[in-house]
């Protein structure tokens, strides 16, 4: 039989355990709410971006019709008469992004095929990190490289009277170099996911490595390669410093890459560096251009990721 | 028999062509890698040749000046340290907290799938858009037009948050679930499991992700350019509401000067920036490799 004091100490113990449990539970509840609040911040960021871009653009579109904005081909908001045709900025952005896309797809796809189909594992482990250093270099450094290294070379090739100091080609080539590791990594991921048995079947029929790469691996990994191109171009569209430093500040709807252009991002930076008063129409233009930029890159990113996820399902 | 011979020789010719094509394209694909590496080498060479003559101790300890040869990077270096420190202070709790919530607390319902999708989308938003957000939300709304360090750090926080969340999620996923089950079996609750089991195991992985994200913040210029249009800063920030400049911004300012002599100091500042970034990347890789040997599960 337990004595009274033992019963007493037992119930004390139970009481203490229960108290500790309650305290632990309360602690969990508090931290669960804190964590939920942290997760909410990323949602609020998106909401904030959309609200600010839309609200500030609304003031702009109250004075300039969206039709004029989206179809006009002359952009001169800082001069009078003011012109608000964003196509010349979009054209500049797309020209540079297209050059960057072609360069990064050519180099990135070639590198991906070399690394996944040809290179022995040891060589791959040395080459891949070196290429990825390219992705970690700040964009302002690429801008410097384009302006002081690539542009003079282009001027020597095409002639100084043909190539303006600030031109779309130099910016596009350097941006292509910057995006190459991203395209290469995404394409390589897609190629690695192609089942070994497909390759072996082709090799068993006597195919060379080149034939296996181009007739088996690339078609099977095509959607991943397409996605890497889309995401790369989207990255190029959103890039700021290279186009600001090397591509110029002349809104110009042209297909000639040797001319000076102005990209959407470069325009946004140019206005925010100037003395444009807050709340003026010129000030609101950067949010309208920003909204268009946001929509363009978001659409491309969604399409790119959708293509990747469809591809993954194929072999799993 | 002659016909058969000609078929065989045709076959052999075709085979030779195919092998030749294979050889040529090995070179072609390899060339893509080589061009990438040569591009990197040319970039480093360009920067070193232009910048090294300007590298000396005065360059690190003086302020920007109207004359290139007297200019230094004291103010942007201090500004970069302020921005990185404060960004880390904001980003680490929010980013790690989000990752813990998504991996350990959230049920896999539609709302949480939406949060994950949202984070993936934020990672693809151009940095210049974050600059516009920071300008309108932090500079104008929160700080009433003051272009201070806190506004810069908050903007950078939102910019690198998706990277930190995704890296922390990966680190948490790498903790074997048997560890969690053991703790649950002992009667631990969710928060206790996170605090005592998951976090200690995941911290090295998170650290390398956070360092990489912070190095992204150091190299980023577009958002800071939009937030702080002030570009001739000749003082060290003393408090969170000081004005500031950062290394990439100072580099941009010098590149934009019409005088060619400023290009040299821009290149010298680039060398400093690259050294900072390379050592941070090195630390991240070192942490990862040091702690990567996990028990097999």
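Each value in this text was obtained by applying a stated rule to the coordinates, not by laboratory testing. The model shown is predicted, which means the values in this text are computed figures rather than measured ones. Cβ sites come from the backbone with ideal geometry, for glycine too, and all protein chains shown count toward neighbours.
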Self-check item: Rounded to 10°, Cα long-axis angle of helix A:87-113 versus longest principal axis of chain A
Solution: 70
Practice problem: Can you work out the PRE-style zone for residue A:281? Point 7 Å along Cα to Cβ, and I want the residues of the range A:53-68 with backbone N under 12 Å. | Solution: A:60-65
Quiz item: To the nearest 500 deg cm²/dmol, what mean residue ellipticity at 222 nm is calculated for chain A from DSSP H runs of n ≥ 4 alone, each contributing -39,500 (n - 2.57), summed and divided by the residues?
Solution: -24000 deg cm²/dmol
Self-check item: Angle between chain A longest axis and helix A:168-192 axis [Cα atoms, degrees, rounded to 10]
Solution: 40
Quiz prompt | chain A: angle of helix A:121-136 to the longest principal axis, Cα-based, in degrees nearest 10 | solution = 80
Self-check item: Cβ neighbours within 10 Å from other chains - mean over A:241-252
Solution: 2
Self-check item: Residue order, fewest to most surrounding Cβ atoms within 10 angstrom, among B:103, A:239
Solution: B:103, A:239
Quiz item: Using Cα pairs under 8 angstrom and six or more residues apart, how large is the relative contact order of chain B, in percent?
Solution: 26
Quiz item: Looking only at other chains, what is the average number of their beta-carbon atoms within 10 angstrom of each beta-carbon in B:220-228?
Solution: 5
Quiz item: Between A:235, A:19, A:199, which gets the highest mean-square fluctuation from a Gaussian network model of chain A, Cα cutoff 10 Å?
Solution: A:19
Quiz item: Going by how many other beta carbons lie within 10 Å of each one, how would you line up B:54, A:79, fewest first?
Solution: A:79, B:54
Quiz item: How do B:221, A:234 line up, fewest other C-beta atoms within 10 Å first?
Solution: A:234, B:221
Practice problem: First check a/c for chain B, with a ≥ b ≥ c the square roots of the eigenvalues of its C-alpha gyration tensor; if it is under 1.5, answer rounded, and if not, answer prolate when a/b is larger than b/c or oblate otherwise. | Solution: oblate
Self-check item: For the range B:1-133: relative contact order, % (alpha-carbon pairs under 8 angstrom, 6 or more apart)
Solution: 8
Exercise. Post the alpha-carbon centroid distance, the range A:26-101 to the range A:159-197, in whole angstrom.
Key: 26
Quiz item: Roughly how crowded by other chains is peptide B:20-30, in terms of the mean Cβ count from those chains within 10 Å of each of its Cβ atoms?
Solution: 6
Quiz item: Based on the alpha-carbon gyration tensor of the protein assembly as shown and its eigenvalue square roots a ≥ b ≥ c, which shape applies: rounded if a/c is under 1.5, prolate if not and a/b is larger than b/c, or oblate?
Solution: oblate
Practice problem: Post the alpha-carbon centroid distance, the range B:1-45 to the range B:63-117, in whole angstrom. | Solution: 47
